[in-house]
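Encoded as structure tokens, the structure appears first; notes follow it.
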Amino acid sequence: MQMASSMFFPPSCHPTQVSIIGAGKVGGTLAQRIAESNVAHVVLLDVVEGLPQGVALDLMQAGSVEGHDRKILGTNDYADTAGSDIVVITAGRPRTPGMNRNDLIETNAPIVARAVTNVIASSPNAVIIIVTNPLDVMTYIAWQVSQIEPFRIMGMAGVLDSARFQAFIATELNVSVVDVNATVMGSHGDLMVPLPRYSTVNGIPITELMDAETINRLIARTRNGGAEIVGLLKTGGAYYAPASSVRTMVESILLNRRRLLPTSAYLKGEYGMKDIFLGVPCWLGCRGVEGVLELNLTDNEREALNSCAQSVREGIEKADAVLAATAAV
């Protein structure tokens with residue numbers, strides 16, 4: 001018996017699609033995470049011919065074993081990303097030992113600017129998540145270039161930084177990581193602001209479970225979390241934890257879960273700051289950043305957050321100069 005194809009693909013059906021710009025280790029792992037979570041179809045794009053196609057083919061074959069039917073397309077053409085619900089930009093140079101994230105501005109600012117321009121042309125209604133470093137600076141540049149509503153663009157860092165703090169807390173206390181919740185604010189870098197008062201084990205603040213010296217040691221390791229991995233790998237940075245962190249944000253948006261997640265978001269007066277992207281607790285839903293939670297900070301915490309903002313603004317000035325010079329050539 002022949003069945004009408006409309007039974008399987010009704011005309012009104014709109015398959016959810018996430019496009020990932022950059023098929024390196026973060027992008028490829030993220031494609032795997034999204035497909036195997038059965039959240040969306042995936043388009044994986046890269047400028048290197050054959051790379052996204054090969055990664056996509058490998059992941060498609062893995063889907064036969066994992067038991068999901070999500071389509072994964074590898075491409076070098078932005079036209080294939082058209083109609084994406086979410087676009088994640090991972091493209092750019094990764095860190096190597098001895099580099100800090102701001103050392104990447106000159107290389108990555110033009111890459112992100114070009115990617116965002118192409119993304120908006122193909123998917124003008126998409127929510128955009130930036131992963132490229134330096135994260136908060138690149139997110140601002142992406143917003144400048146795209147000229148879209150600021151709630152539709154955000155940076156992934158706070159989920160990753162909080163996950164690292166969470167893992168270190170769980171290991172230190174020898175407890176399940178499931179019972180640990182950690183909060184990290186500020187910029188994605190050495191000045192990030194882990195908040196022990198808002199980090200708990202089954203609701204109990206870690207300030208009641210360990211001494212100040214131990215907490216400060218875990219904070220220092222969290223701030224150095226990315227560099228520690230770069231130093232060990234020597235040829236690149238972390239990709240498993242970043243990919244899982246982005247997947248968490250993607251799920252919250254596509255499924256409209258409105259999870260409260262630390263996100264690099266545009267501030268319009270929250271925490272006394274304006275016209276900057278910085279890591280703060282946000283509700284992520286189907287429209288993107290649907291609200292910012294303002295925590296009660298101590299004077300020291302607020303001062304640390306202001307230091308993050310100053311560093312990001314300096315990075316934005318440098319990135320703007322790089323883009324201006326590029327445009328003049």
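The values are calculated or read from the model by the stated rules, or taken from the named source; none is laboratory data. Since this is a predicted model, take the numbers as computed values, not measurements. Cβ placement follows ideal geometry from the backbone for every residue including glycine, while neighbour counts extend to all protein chains displayed.
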(Q) Among the residues in the range 84-101, are any out of contact with any Gly (no Cβ under 7 Å at 6 or more places or on another chain), modelled with pLDDT of 95 or more, of a type outside the set (S, T, N, Q) and assigned to a loop (DSSP other than H, G, I, E, B)? (A) yes
Q | Hits in the range 202-243 (condition: of a type in the set (A, V, I, L, M, F, W, C) and under 29 Å from residue 34 (Cβ atoms)) | A | 227, 229, 230, 232, 233, 238, 241, 243
Q) Going by the conditions given, is residue 307 of a type in the set (S, T, N, Q), in contact (Cβ under 8 Å) with a residue 40 or more places away in the chain and crowded, with 17+ Cβ neighbours inside 10 Å? A) no
Q. Any idea how many residues of the range 284-301 are surrounded by fewer than 14 Cβ atoms within 10 Å (Cβ to Cβ) and over 22 Å from residue 156 (Cβ atoms)?
A. 4
**Q.** Close pairs (6 angstrom Cβ cut-off, 6 or more residues apart or separate chains): over 19 Å from residue 161 (Cβ atoms) in the range 278-302, part of a loop (DSSP other than H, G, I, E, B) anywhere
**A.** 285/256; 285/258; 286/256
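Table: residues versus (1) more than 22 Å from residue 245 (Cα to Cα); (2) part of a loop (DSSP other than H, G, I, E, B); (3) touching a Lys or Arg at 6+ places or on another chain (Cβ under 9 Å).
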{"site": "31", "(1), (2), (3)": "no, no, no"}
{"site": "34", "(1), (2), (3)": "no, no, yes"}
{"site": "44", "(1), (2), (3)": "no, no, no"}
{"site": "61", "(1), (2), (3)": "yes, no, no"}
{"site": "64", "(1), (2), (3)": "yes, no, no"}
{"site": "70", "(1), (2), (3)": "no, yes, no"}
Q) Would you say residue 131 is in contact with a Ser or Thr (Cβ under 7 Å, 6 or more places away or on another chain), in the same structural domain as residue 83 (by TED's automatic domain parsing) and of a type in the set (Val, Ile, Thr)? A) yes
Q: Name every residue in the range 214-250 that is surrounded by fewer than 18 Cβ atoms within 10 Å (Cβ to Cβ) and within 30 Å of residue 17 (Cβ to Cβ), in order of residue number.
A: 236, 240, 244
Q: Identify the residue in the range 9-38 that is under 16 Å from residue 126 (Cβ atoms) and surrounded by fewer than 20 Cβ atoms within 10 Å (Cβ to Cβ) and, among all such residues, is modelled with the lowest pLDDT.
A: 14
Q | Selection within the range 82-106 - closer than 26 Å to residue 123 by Cα and more than 19 Å from the chain's Cα centre (by Cα) | A | 82, 83
